[in-house]
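*Asks:* Below: one structure in structure tokens.
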Amino acid sequence: MKSPAKRNMIDLYFSDARAKLIDIAAFLDRAEKNKSTNDFRCQSFKTALKCLDGKDRTKNVLLALSDPSTELIPKATTKSASGAWPGNSANNDSLAVCRTLEIVARKSSN
């Protein structure tokens with residue numbers, strides 16, 4: 001039998017997580033129907049989803065969507081953030097990206 005704390009966590013958060021998962025599925029269906037799956041944001045999103053199958057999920061999802069560069073750009077090219085970095089979509093092996101992120105996360109926590 002699960003401890004009350006574990007049961008309570010599931011009771012509190014499962015419905016919300018379930019709704020978000022359905023929203024993600026609907027987003028991907030709409031992107032596919034609209035033939036927008038080659039957009040770098042969709043590609044980065046799919047890479048981030050693959051990072052859910054492993055350790056340090058939250059950190060790896062954030063890293064999969066983040067710009068890893070450390071140099072500042074001289075001038076902004078847009079007025080808003082896109083929520084994903086175009087450079088991540090160039091790597092077609094998203095599972096390799098997640099594995100690399102896991103290794104980096106492990107090294108940085110030691």
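*Asks:* Which is in the same structural domain as G87 (by TED's automatic domain parsing), over 17 Å from W85 (Cβ atoms) and among the charged types (D, E, K, R), of D53, D29, D16?
*Replies:* D53
*Asks:* Tally time: how many residues in region 21-40 are modelled with pLDDT of 90 or more and part of a helix (DSSP H, G or I)?
*Replies:* 13
The values are calculated or read from the model by the stated rules, or taken from the named source; none is laboratory data. Since the model is a prediction, treat every value here as computed from it, not as a measurement. Cβ sites come from the backbone with ideal geometry, for glycine too, and all protein chains shown count toward neighbours.
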